[in-house]
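Following: one structure in structure tokens, then a few remarks.
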Amino acid sequence: MIELRDVTKTFAGKACVTALSGITLTIRDGELVAVMGPSGSGKSTLLNLMGGLDVPTTGSVIVAGKDLAKESEKNRSLFRRSTVSYIFQAYHLMPTLTASRNVALPLHLAGVFRREAEEMAAAALRSVGLAERAGHLPDELSGGERQRVAIARALVTGAPLLLADEPTGNLDSARGKEILDLLVSIHRERDVTIVMVTHDPDAASICERRIELRDGRVEGDTRG
Ligand SMILES: Nc1ncnc2c1ncn2[C@@H]1O[C@H](COP(=O)(O)OP(=O)(O)OP(=O)(O)O)[C@@H](O)[C@H]1O
Ligand SMILES: [Mg+2]
């Protein structure tokens, strides 16, 4: 699903920062992978490259057979829509849209007709246990519920790659556990590859594989 070869990423600016320095790794279809490491070690940068949100400075990032650095911005945007869904620590829901409308949004962007999009959104909300909250605005939901809406939105398009950047970071441990259980059951039930950045040892321990970053390099890569 994902192949990185000698990937480096530097940010030019007042001070030039090397966020990733020489990453080579392969993530197979259907893996559930945790990315760990201290703050500033390059975890989010790595995820952004995998999701085609950014391109490497050198090296190649091949996702679902596409060499992302070689694609135009337009093609990368099409790639993101068809292949990747993202879950963020801060949910990133549209505050003026109901849960149902938030979930349907990527379908509208993909040109799905409204009626069908609404039905798919309702099914996705049911699958995360939030059928009764479909008409609520984000600020009428708890943190854990908001994250479940974000997960429903990530699932609704059927994208084969799910990238999660500290999905439990804003939640207390009980709510965080629910979100992790949900991600594990999604992984079990659907044909989806999940890469999850986390600081939480419990979250990492449920993953089949843990990649440890330090100073922009892979310091550890363990399975089981
Ligand atoms: N857009 C940017 N411009 C300049 N520097 C950046 C940019 N994005 C990230 N960096 C730098 O790159 C390094 C890696 O950042 P990254 O966000 O990937 O870390 P992280 O491992 O996700 O950290 P955290 O656990 O705090 O989220 C950091 O030193 C950061 O300051
Ligand atoms: Mg980060």
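Computed over region 1-123, the percent of Cα pairs more than 18 Å apart is 61.
A 31 angstrom limit on the alpha carbon distance is what I want to check against. Which of Lys43/Lys66; Lys14/Lys66; Lys43/Lys74; Lys43/Lys70; Lys9/Lys177; Lys14/Lys74 exceed it?
Those over the limit are Lys14/Lys66; Lys9/Lys177.
Here the convex hull built on the C-alpha positions of the chain has a volume of 127 cubic angstrom per residue.
Taking amide H as placed 1.01 Å from N in the peptide plane, Gly22 has its amide H under 5 Å from the amide H of Val7, Thr8, Lys9, each at least 5 places away in sequence or on another chain. Applying 0.36 nm per residue to the separation of His199 and Leu25 and subtracting their alpha-carbon distance, the gain on full extension is 60.6 nm. Helical content alone sets the calculated 222 nm signal of the chain at -11000 deg cm²/dmol, taking -39,500 (n - 2.57) per DSSP H segment of four or more residues and averaging over every residue. Using C-alpha pairs below 8 Å separated by at least 6 residues, the relative contact order for the chain is 29 percent. Asp165 contributes an accessible area of around 20 Å² to the protein surface, as traced by a 1.4 Å probe with all chains present. Excluding ligands, DNA and RNA, the accessible surface per residue across the chain is 48 Å² with a 1.4 Å probe. Ordering 31-39, 112-120, 144-152, 63-71 by mean Cβ neighbour count within 10 Å, with the highest value first, yields 144-152, 31-39, 63-71, 112-120.
Our estimate of slack between Ala123 and Leu109, defined as 0.36 nm per intervening residue step minus the Cα-Cα distance, is 3.2 nm. With a Förster radius of 25 Å applied to the C-beta separation of Ala131 and Arg81, the computed FRET efficiency comes to 0.45.
Write down Rg/Rh for region 58-156, rounded to two decimals, with Rg from the C-alpha atoms and Rh from the Kirkwood relation over Cα pairs.
Working: Rg = 15.1 Å, Rh = 14.4 Å.
On the Cα set of region 58-156, Rg over Rh gives 1.05.
Rounded to the nearest percent, how much of the accessible area of the chain (1.4 Å probe, protein heavy atoms only) is carbon and sulfur?
On the chain, the fraction of accessible area on carbon and sulfur atoms equals 50 percent.
With 5 Å bins beginning at zero, the pair-distance distribution over Cα atoms of region 143-213 amounts to 3, 16, 31, 27, 17, 5, 0 %.
The values are calculated or read from the model by the stated rules, or taken from the named source; none is laboratory data. Only a predicted model underlies this, so the values are computations on that prediction, with no experimental measurement involved. Note that each Cβ is placed from the backbone with ideal geometry, even for glycine, and that neighbours are counted across all protein chains shown. Just the protein is used for accessible areas: all its heavy atoms, side chains included, with ligands, DNA and RNA removed. Shrake-Rupley method; radii C 1.70, N 1.55, O 1.52, S 1.80 Å.
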